[in-house]
Every structure is written in C-alpha cells, then in structure tokens.
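Everything below concerns the one structure shown next.
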Amino acid sequence: MRRAADREAAPALALDPIACVGHGLCAELFPEGIVLDDWGFPIVLDEASDPALRDHARRAAKACPALALRLRARG
Amino acid sequence: MTTRLLSAAVPHGTTDLAHHRAVHGALPVLGRGDADALVDVLTAAGLRGRGGAGFPAARKLAAVAGSRRPFVVVNGTEGEPASSKDRLLLGRQPHLVLDGAVTAARVVGAGEVVVVAPAATHDAVARAIDDRAARDEPAIRLVAAAEGYVAGEETAVLAHVEGRPPVPRLAPPRPAERGLDGRPTLVQNVETLAHLALIVRHGADWFRAVGTPERPGTTLVSVSGAVARRGVHEVPVGVPVDDVLRLAGGPGEPVRALLVGGYFGAWIDGAARPALTDRDLRPHGASVGAGVVIALGASACPVRTVARLASWMSGQSAGQCGSCVNGLAAIAGVLVRLADGDGTPDDLRLLHRWTAMVDGRGACAHPTGTVRMIASAARLFAVDLEDHAHHGRCAACAGTGRAAATAHGRAGAVAA
Ligand SMILES: Cc1cc2nc3c(=O)[nH]c(=O)nc-3n(C[C@H](O)[C@H](O)[C@H](O)COP(=O)(O)O)c2cc1C
Ligand code: SF4
Ligand code: SF4
C-alpha cells in the first residue's frame, strides 16, 4: 500500500483536503483506492490511479458531496 | 566573516539611501528586455529561495517574466518564531531589499511591488520608500504582515494582501500562474531579493566565490536557544555549525542537540558538528532552510521541548484540513502526555504511527514540515522518549512545570 502523495507524478485521483469534510463516503465506495486515517479523513493510495480501477475512481469522485475529489486526465 | 547583505550596516540604525549607494554602488537599471539575461545570471549564480523551501530563484522569475501585468510580492511575514533575519533586513537594510524587488518588478514587467512586512519595520521601510520616490521605479505598496506561522505561506500571504483571512489555498495553480487579483505573481522572500540586488551589481562569479557549489553565497543565520546571545549573523554557506554558535557567544553549557532549519527542520545530535550545508545536513533529514539554528542545552529535557514545539505548531494550523487539524493535535497530545510522565509505551507507538500518517496530507506543507521535525526528534531522542514512557518524568524535568500547562504559551518554546 503506497500513498499517492509519495510519488512524483500527480495521482489520477486528486483530493482537495480543504474541501473534504471527511465523512468517508469515498472510502466506502472505493476501498481499493482510498482508506481513511485515524480521524476519518481519506488517504488516496497509489492503487487509485490503476487504469483497471478507473470506473471505481470515477464513481467515488462523482459521489463526493463536497466536490473534494477530482479525476484527472491521465498523462 | 564575509559580510555582503550586512556590509552597509550602521550601528543600531537603518542604512539610508546615500550610505547604501556609497557602499553597494548604484543599482543597474534593467528592463523587460533583460529578463533572459537576468534568468541566466541567477541560474549561473545558483541563487535559491531563502524562505525555507530553497526553490531556484531563476526558475520562478522565468515563469513570471513575460506574463500579462504581473505583480511582485516581497514576503517578509517571517512567521517562524526562531527567525529574525527578514525583519533585520527590512528594518536596517530596506534599500537592499527594495533594490531586489524593484529589479525583479522591472524585469518581469510588474507595475507594482507589494512589500509584506512586520509592523515593527514599517517606519524604516516607509522612509526608504519615500526616499526613493523621485526615481523612476514601479510603485511600492507596504502592507502589515499577518501574525502566525502559516501566514507566511505564499498563498496565505496573497489572501492577506487581498484582505481575506491569511490562510493557504490549494495549489496549483501556483502564485506564478494565478496570484494577486488572479494575475501572475512573483512571491519572493526578503533575503532572496536582497541577494538578487547584489548579484545584479556584481555578477554570478562574485556570488559563487563563497558558499558551496550546491548552495552558493552567504546566508543569514538566526541563532537562539542555549547560547549567550540570540541574534542574526551573516556567514558563508558551509561554515561549521560550531562557528555559528561561537558568533552567538557560544553555548552556555554542553549542546545536546541542534534544531537546524527551524520548526520545519530536523534535530541533529550536538556531537555531530555538521557544516551548514545541505550535503552535511541531508543525512539528518535537515537542510539550511531559512537559516535557523536552535541549540538545546544538555540540562533541558528534549521530550518536554519537543512536546511544547508540537503543541505550538498544532495550534498554528489554519484549521482547514482534517489531517492537519486532528493529526497535529493528536501528536501533540501524546507528546505532552509523555513529557508529563502520564504516557505509556502505547503512546510511543501512536507517535510513530501518526507522524507517518500525517506526512504529505495537507493543502500546504505545514503538517508535513511539522511531522518531519517531530520524526527527527523521535529518532534522535528515542531513549529519552522510552524513558518517559516507562518511568515518567526524567531528572531534567524535575522542578519544571507540566508541559500541558505551558504548551500553548510563548512561541519561543526552545529558547524559554
Ligand atoms: C506553513 C508555511 C509557512 C511559511 N512561512 C514563510 C515565511 O514566513 N516567510 C517566507 O519567506 N516564506 C515562508 N514560507 C514559504 C513560502 O510559501 C514561499 O515558498 C516563499 O515565500 C518563496 O520565497 P523564496 O523562494 O524566495 O524562498 C512558508 C511556507 C509554509 C508551508
Ligand atoms: S467523500 Fe468527499 S468529503 Fe467525504 S471523505 Fe471522501 S473526499 Fe472527503
Ligand atoms: S495543511 Fe494545515 S495549515 Fe495548511 S492549509 Fe491545511 S489546515 Fe491550513
């Protein structure tokens, strides 16, 4: 398990930690790519950028009520 | 010692325009057409930002040059409690800082320079601006800096200048793309611009004649903690840290450890005696940063010191990001419990878990910088932490108050 923030390249799924209100819906919808820290705030994993999981990532981004998750174009 | 930035200093006062020009010479007048040339000179000089992150000045200037109606912002907020170099420059060498800002503004095509400076320096800076008024220079606006550690982060500075609360926003877009009023903005630290003012006069080779290949030039160092006199000194990058302590009158007792780089820096064993270079400091997780050196005397309890630092930094969170707000508070909480002898070995486990968990999680670098400093302390003071976790307060703690009671007190947690 690696965190997207550790990598040089921008992750495919980007979190805005200021907008996020931390109710964890995204981690429920997309547990392969997002886990919650000890205070209930999401950690975006490297796995969230896996092309095979792109539909899951898109669903999580769409479901976020705070518009805190954005799917980036790959590249 | 080599003095450059401070070579026109006058005892206890502000260097006026006449004396400034007599010592440093006239400021070469550059314009928009000189952008490439200045970028080349700054690249050759290897000037890095002196606000802490060490970003190459040439790259940022190149990014803003040629954009439509940009701004230049001088970041003199200096929210770091152990640092006083920027207020020293603003209060005593304002013309050097303004020379650098005006040159940057002319070259990138900015019509206005905004100087963000602590209130205590305003008389000196305002007088300097008046004295230059007759010259053909971009307009210079003076804004009182906001208080607080995070207020110095560049997007927080821009928010403050725009009249909003001084808190960071998510970047990108960086200020070089979208800054003041949405326009490209060059935000540069006070000391960075003062060096730039000398580089345009004397060139890259002159700049590189002292310092290290990686970080050429001199640096201002703010020394505090267990030394005879806290203060600011100009030294070539690369001098032994011992020389820096000697300039501050020497340590009054054996030095247990040094916090290098400030509250975002790293703790280094006092016996390691590194040189003040990134190459020597990197293995310890530190960098020259904004030039802060804090000495911890052998009689102080490091656990208590780190608990107070962590509590203060937790209190400085801008309160916007869940992991910064909750994570720093939780980390400070375990450290205070450990310092007060109320902690358990499980608290130690949580300390390690949480410093790793918070790393890289905020919209700005506040939580990351803070947990890296704390993680360096957890490595260097591992035995002391174990001791507190298993046996309660140590001998050095005897006779001192509880960390919980003083945690939110004065900023100078180490110097106190
Ligand atoms: C929490 C935080 C606080 C900061 N405080 C300051 C500060 O007080 N002064 C400063 O010049 N830079 C500060 N910085 C760095 C600025 O964001 C920015 O990088 C700097 O002003 C750019 O100037 P430089 O490239 O000349 O160093 C801070 C950064 C962070 C993350
Ligand atoms: S769903 Fe949105 S607001 Fe909720 S935790 Fe996830 S990112 Fe944050
Ligand atoms: S990381 Fe902390 S200090 Fe930085 S913007 Fe978020 S809450 Fe504020």
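The values are calculated or read from the model by the stated rules, or taken from the named source; none is laboratory data. Values in this document were obtained by computation on a predicted structure and should not be read as measured data. With ideal geometry, Cβ positions are generated from the backbone for all residues, glycine too; neighbour counts draw on all protein chains shown. In case anyone asks, the SASA skips ligands and DNA or RNA and just uses the protein heavy atoms, side chains included. Shrake-Rupley method; radii C 1.70, N 1.55, O 1.52, S 1.80 Å.
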With label points set 7 Å from each Cα along the Cα-to-Cβ direction at residue B:2 and residue B:23, the distance between them in nm comes to 1.7 nm
With all protein chains in place and a 1.4 Å probe, residue B:60 shows an accessible area in Å² (nearest 10) of 50 Å²
Non-local residues with an amide H under 5 Å from the amide H of residue A:43, with H modelled 1.01 Å from N and Pro and chain starts lacking one, are A:35, A:36, A:37
Taking N as the number of residues in chain B, the ratio of its alpha carbon radius of gyration to 2.2 N^0.38 Å works out to 0.99
Residues whose built amide H sits under 5 Å from the amide H of residue A:13, excluding neighbours closer than 5 in sequence, are A:72
What the Cα atoms of the range B:88-136 span along the principal axes, largest first and in whole Å, is 30, 20, 15
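Given a Förster radius of 22 Å and the C-beta distance between residue B:181 and residue A:16 as r, what FRET efficiency does 1/(1 + (r/R0)^6) yield to the nearest 0.05? It would help to have the intermediate numbers written out before the result.
Working: r = 22 Å, r/R0 = 1.02.
The calculated FRET efficiency here is 0.45.
Take A:56, B:95 and sort them by solvent-accessible surface of the protein heavy atoms, 1.4 Å probe, largest at the top.
On the way: A:56 55, B:95 5 Å².
These residues rank, largest area first, as A:56, B:95.
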Taking the convex hull of the alpha-carbon atoms of the range B:121-237 and averaging its shadow over every direction gives an area in square nanometres of 10.5 nm²
Per the C-alpha gyration tensor (a ≥ b ≥ c, the square roots of its eigenvalues), the range B:1-114 is rounded if a/c is under 1.5, else prolate if a/b beats b/c, else oblate; here it's prolate
For chain B, the dipole about the Cα centre with charges only on Cβ (Lys and Arg +1, Asp and Glu -1), to the nearest 20 debye, works out at 260 debye
When the charge dipole of the protein assembly as shown is computed with +1 at the Cβ of Lys and Arg and -1 at the Cβ of Asp and Glu, the Cα pointing farthest to the positive end, of B:213, B:239, B:309, is that of B:213
Rounded to 0.05, the calculated FRET efficiency for the beta carbons of residue B:130 and residue B:59 at R₀ = 45 Å is 0.85
Log entry: pair-distance distribution for the range B:315-359, C-alpha pairs binned every 5 Å from zero, whole % per bin is 5, 24, 30, 21, 14, 6, 1
Between the alpha carbon centres of the range B:31-50 and the range B:290-364 the gap in Å comes to 39 Å
Phi angles of the range B:216-232, converted by Karplus (6.51 cos²θ - 1.76 cosθ + 1.60, θ = phi - 60°) into ³J(HN,Hα) in whole Hz with x for Gly and Pro, give x, x, 9, 9, 7, 10, 9, 10, 8, x, 7, 10, 5, 9, 6, x, 10
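Taking 1 over the mean of 1/r across every pair of different Cα atoms in the range B:218-297, what Kirkwood radius in Å do you get?
The answer is 11.9 Å.
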With every protein chain kept in place and a 1.4 Å probe, the protein assembly as shown has an accessible area per residue in Å² of 40 Å²
Bounding extents of the range B:58-185 in its principal axis frame from Cα atoms, largest first in Å, are 35, 35, 26
Charge dipole of the protein assembly as shown built from unit charges on the beta carbon (Lys, Arg +1; Asp, Glu -1), centred at mean Cα; most positive-end Cα among B:7, B:286, B:250 is B:7
Under the Karplus relation with 6.51, -1.76 and 1.60 and θ = phi - 60°, whole-Hz ³J(HN,Hα) for the range A:38-51, x at Gly and Pro, equal 5, 10, x, 9, x, 10, 7, 8, 3, 4, 5, 8, 4, x
Check: C-alpha center the range B:261-277 vs C-alpha center the range B:180-238, spacing in Å is 18 Å
Per principal axis, largest first, the Cα atoms of the range A:8-75 extend in Å by 30, 23, 20
Kirkwood Rh over alpha-carbon pairs of the protein assembly as shown plugged into Stokes-Einstein at 25 °C, 0.890 mPa s gives a D in µm²/s of 103 µm²/s
Sorted by chain and then number, the residues having a modelled amide H within less than 5 Å of the amide H of residue B:114, at least 5 places away or on another chain, are B:72, B:73, B:74, B:141
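Which value, in square angstrom to the nearest 100, describes the accessible area buried between chains B and A on both sides, using a 1.4 angstrom probe?
About 1300 Å² of accessible surface is lost on pairing.
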Sequence order, the range B:256-261: Karplus ³J(HN,Hα) from phi using 6.51 cos²θ - 1.76 cosθ + 1.60, θ = phi - 60°, Hz rounded, Gly and Pro as x, gives 6, 7, 10, 9, 10, x
Counting every C-alpha pair in the range B:302-415, the percent lying more than 24 Å apart is 18 percent
In units of 2.2 N^0.38 Å, the Cα radius of gyration of the range B:194-253 is 1.30
Expected output for the range B:149-180, residues with a loss of 10 Å² or more in accessible area relative to the chain alone at probe 1.4 Å, reads B:170
From most to least accessible, 1.4 Å probe, no ligand or DNA/RNA atoms counted, A:30, B:264, A:41 line up as B:264, A:41, A:30
Candidates B:50, B:164, B:135; GNM for chain B (alpha-carbon contacts under 10 Å) flags as most fluctuating B:135
Given the candidates B:56, B:163, B:96, the one whose Cα lies deepest towards the positive end of the charge dipole of the range B:17-208, counting +1 at each Lys or Arg C-beta and -1 at each Asp or Glu C-beta, is B:56
